[in-house]
Amino acid sequence: MKSRNILYYFIFALLMASCPLFLNAYWTDVFNNVGLYAILALSLNVILGHAGLFHMGHAAFYAIGAYTTAILNTTFGIPVLWSMPLAGIMAGIFAMIVARPIIHLRGDYLLIVTIGIVEIVRIALINNVFDITGGANGIFGISRPTVFGYKISKPDQFFYLIWGFAAVTIFLLLRLEHSRFGRALMYIKEDEVAAGGSGINVSHHKLVAFIIGAVWAGMCGTIYASKMTIIAPESFSFAESVVLFTIVILGGAGSIPGVILGAFLLVGLPELFRGLAEYRMLVFGAAMVLMMIFRNQGLLPPGPKNYDIASLLPAGGRK
C-alpha cells in the first residue's frame, strides 16, 4: 500500500511538472494560487486534521510571515528567500504566545477565540502598529525572489517555486504523519481523555501542532509577498481563514490528497465558471450543503492506518 501511494504521488508530480508546457500565463497563475492555498491548507491540516483543533484564524500566521518578509526586504534589504525561515519563526512565536493560554479550550470555544485572533492581527496591521506595517495601504516594492542569482518573476517560474515548496511540504507532512508525534496527534483527535490517560501530554502536543502549522503558514507568506510585491491587510481577512478551513473539511480532514483536491476544487474550479460569476457562489454553497449531508467525512477522507507493532516497540522489547 505504501509503495502504491508513492507511485500516485510520483505520477501527480510528473503531471504538475508538465503543466506550464501546456498552460498559458493566466492558467499558470491560477495553478500558482491553487498551490499557495494547498500549502496553507496543508499547514492548517496539521492543526485541524491531525490534532482535531477547530482553528479558523490561520490567516493571522500567514499575514505575520508575509509582513515579516516585506519589512525585512524593504527596510533592511534582506533577500526574500533568506527571510523565509525568520518569517516562519516569527509566526511560530506568535502562535505560541496566543495559543498557550487557549490550548485547553475545545470545539466551538476554541473556534471563536481563533476568529478573534485573526481579526486582532488584521486591525493591528491597518492601524500601522509601530509605524512599520504601512497601515491600510500595506507595503509596496517587495523584491522578487532569486535562486542562485536567477530572478523569479514570470508565472511559470513561480509555478516551480510554489509547487516545489508544496512537494517539500507534502514529503515532510507524510513523515510527520507516520512519526511517533503524528500518531500521538491522531490519538488526541480520536479520544483526548484516553490519550491523556495513556501518558500523552495532550496540551504539549496540541501546542506543538499549532506552532508547526503556524511556522509553515508564515513561510508560505514569504512566497505570497514576493509573488505579489505588495501586501495589504485586506489580503489576510477572516474570509481567507474560512476558505482554508473549508478546503480542509471539503477534501477530508487529516488527508493530504484530500486537502490538495480541496484546493483545486475551491480555488481552481471557480475560474472555469467566471462567466457565471453571479451564480457560481450559489452553486458552490448548495454543493457544500449537499456534501455535508451525504459525505460529511470529506471527498478523500484518510484511510485506516496500519502499523507493524514490532517496529513501534523499543529495540529491547522486540522478540
Out of all the residues in segment 20-34, which are at pLDDT 90 or above and surrounded by 15 or more Cβ atoms within 10 Å (Cβ to Cβ)?
W27, T28, D29, V30, F31, N32, N33, V34
Evaluate segment 200-209: report whether one residue or more is without any contact (Cβ under 8 Å) to a residue 24 or more places away in the chain and open to solvent by less than 50 Å² (accessible area, probe 1.4 Å).
yes
Given (1) in a helix (DSSP H, G or I); (2) open to solvent by less than 30 Å² (accessible area, probe 1.4 Å), index of the condition I142 fails:
(1)
Subset of segment 234-245, residues under 14 Å from H58 (Cα atoms) and either at pLDDT 95 or above or part of a helix (DSSP H, G or I) (or both), comes to S235, F236, F238, A239, E240, S241, V242, V243, L244, F245
Look at A87 and say whether it is open to solvent by less than 40 Å² (accessible area, probe 1.4 Å) and either under 19 Å from P145 (Cα atoms) or among the aromatic types (F, W, Y) (or both).
yes
Selection status of I132, open to solvent by less than 70 Å² (accessible area, probe 1.4 Å) and β-branched (V, I, T):
no
Residues located in segment 255-266, provided they are in contact (Cβ under 8 Å) with a residue 60 or more places away in the chain, open to solvent by 10 Å² or more (accessible area, probe 1.4 Å) and over 19 Å from R4 (Cβ atoms)
F264, L266
Selected residue [part of a helix (DSSP H, G or I) and in contact with a helix residue (DSSP H, G or I) (Cβ under 7 Å, 6 or more places away or on another chain)] from V121, V113
V121
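The values are calculated or read from the model by the stated rules, or taken from the named source; none is laboratory data. Predicted model, so just to flag it, every value in this text is computed and none were measured. Cβ coordinates were reconstructed from backbone atoms using ideal geometry, including for glycine residues, and neighbour counts include every protein chain displayed. Keep in mind that these areas ignore ligands, DNA and RNA; they rest on the heavy atoms of the full protein, side chains included. Shrake-Rupley method; radii C 1.70, N 1.55, O 1.52, S 1.80 Å.
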